[in-house]
1. If I ask for residues that are more than 18 Å from TYR130 (Cβ to Cβ) and of a type in the set (Val, Ile, Thr), which ones from segment 174-191 would you list?
2. Identify, please: which residue in segment 119-162 is part of a helix (DSSP H, G or I), open to solvent by 60 Å² or more (accessible area, probe 1.4 Å) and modelled with pLDDT of 95 or more and is, among those, nearest to TRP101 (Cα to Cα)?
3. If you go through segment 59-106 one residue at a time, how many are in a helix (DSSP H, G or I) and not small (Gly, Ala, Ser)?
4. Out of the residues in segment 163-182 that are open to solvent by less than 40 Å² (accessible area, probe 1.4 Å) and in a helix (DSSP H, G or I), state the one that is nearest to the ligand (Cβ to nearest atom).
5. Within segment 15-58, can you find the residues that are away from the ligand (no atom under 16 Å from the Cβ), polar (S, T, N, Q) and part of a helix (DSSP H, G or I)?
6. Which pairs do you get when a residue that is over 16 Å from ALA197 (Cβ atoms) and within 16 Å of the ligand (Cβ to nearest atom), found in segment 132-154, comes within reach of a residue that is assigned to a loop (DSSP other than H, G, I, E, B) and at pLDDT 95 or above, reach meaning Cβ atoms under 6 angstrom, with the pair 6+ apart or on two chains?
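The values are calculated or read from the model by the stated rules, or taken from the named source; none is laboratory data. These figures come from a predicted structure and were not determined experimentally. Because the Cβ atoms are built from the backbone with ideal geometry, glycine has one as well, and the counts that use them run over all protein chains shown. The area values use the complete protein model at the heavy-atom level, side chains included, leaving out ligands, DNA and RNA. Shrake-Rupley method; radii C 1.70, N 1.55, O 1.52, S 1.80 Å.
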Amino acid sequence: MNVLIVYAHPEPKSFNGALKDLAVAVLTDEGHQVKVSDLYAMNFKAAADRDDFLMLDNPDFFKYQLEQGHASKTNTFSKDIKEEQEKLLWADFVIFQFPLWWYSVPAILKGWFDRVFASGFVYGQRIGRYDKGGFQGRKAMVSMTTGSPREAFPPYGMDGDIHEKILYPINHGMLYFAGLEPVEPFIAWTPARDEDARIRYLEDYKKRLQNLSAIPSIPYHPTVHYDEHHQLKLEYR
Ligand SMILES: Cc1cc2nc3c(=O)[nH]c(=O)nc-3n(C[C@H](O)[C@H](O)[C@H](O)COP(=O)(O)OP(=O)(O)OC[C@H]3O[C@@H](n4cnc5c(N)ncnc54)[C@H](O)[C@@H]3O)c2cc1C
């Protein structure tokens with residue numbers, strides 16, 4: 001498979017850096033082709049603005065999503081966006097490696113989604129969304145670290161249900177929205193606290209990467225399960 005790792009951590013010697021390096025080594029050993037977008041090393045621009053387009057459809061009133069649609073049609077995204085979109089088109093499997101920051105992805109990675117997951121490229125009226133999104137047939141996986149312990153993230157935990165509250169906006173709202181098939185996340189809880197746990201996480205991650213195609217997908221509903229008011233039909237509740 002062609003695997004793209006989108007990696008967002010400012011310190012190469014961090015545990016996130018170790019997980020990224022491990023993934024590159026294991027996946028390469030397994031015979032996959034691997035590319036890494038190291039967003040901090042690339043100094044990737046996070047803010048979505050006019051500079052993202054070589055020409056504007058409407059310079060008098062800047063509307064980001066409409067300009068994305070226009071740039072998709074006219075192939076006029078800025079060079080950094082185009083390069084990331086080409087990597088996405090190349091990839092069969094995308095791994096997002098990041099620390100949980102403020103219950104979400106670091107801003108540099110959020111900016112990557114804002115700018116690269118463009119209207120007219122990954123979703124849109126002609127392309128569709130969710131199971132009809134532009135990146136159908138490709139998989140994606142979140143590999144994340146936390147500061148809070150695992151016990152803080154069950155349904156009634158202090159930090160909120162990890163799957164339904166923290167990761168839903170990422171797995172469902174961004175990855176699945178774009179047509180990607182999200183698989184179960186890999187989470188290293190509180191790696192800063194415990195050397196033994198870190199070693200176990202590295203071993204577990206290695207095993208998971210050695211069998212990439214066996215990682216279970218998250219069973220999100222297809223769009224036909226929702227009615228015309230965007231509500232899940234009664235029979236699927
Ligand atoms: C702005 C901000 C917001 C945050 N918001 C949240 C939040 O909402 N929720 C939450 O839970 N947490 C939050 N945090 C905490 C954050 O998620 C954790 O600090 C982070 O996930 C820890 O991962 P790391 O890679 O940065 O760890 P590091 O501190 O870089 O690494 C941990 C340890 O692993 C060691 N290590 C590195 N490589 C290896 C290796 N190969 N083998 C063994 N050990 C190794 C390092 O030396 C280090 O001692 C936030 C932090 C910031 C800065």
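1. ILE187, THR190
2. ARG150
3. Residues meeting the conditions: 20.
4. ILE166
5. Within segment 15-58, THR28 is the sole residue that qualifies.
6. If the second residue must be assigned to a loop (DSSP other than H, G, I, E, B) and at pLDDT 95 or above, the pairs left are VAL142/PRO185.
Yes or no, residue by residue, for (1) at pLDDT below 95; (2) within 17 Å of GLY147 (Cα to Cα); (3) surrounded by 11 or more Cβ atoms within 10 Å (Cβ to Cβ):
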site: GLU184; (1), (2), (3): no, no, yes
site: ILE187; (1), (2), (3): no, yes, yes
site: PRO191; (1), (2), (3): yes, yes, yes
site: ASP194; (1), (2), (3): yes, yes, yes
site: ASP204; (1), (2), (3): no, no, yes
site: LYS207; (1), (2), (3): no, no, no
site: PRO216; (1), (2), (3): no, no, no
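Quick grid of which residues meet (1) in contact with a Phe, Trp or Tyr (Cβ under 6 Å, 6 or more places away or on another chain); (2) surrounded by 12 or more Cβ atoms within 10 Å (Cβ to Cβ):
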| residue | (1), (2) |
| --- | --- |
| ALA46 | no, yes |
| PRO59 | no, no |
| LYS63 | no, yes |
| GLU67 | yes, yes |
| ALA71 | yes, yes |
| PHE77 | no, yes |
| LEU88 | no, yes |
| ALA91 | no, yes |
| GLN97 | yes, yes |
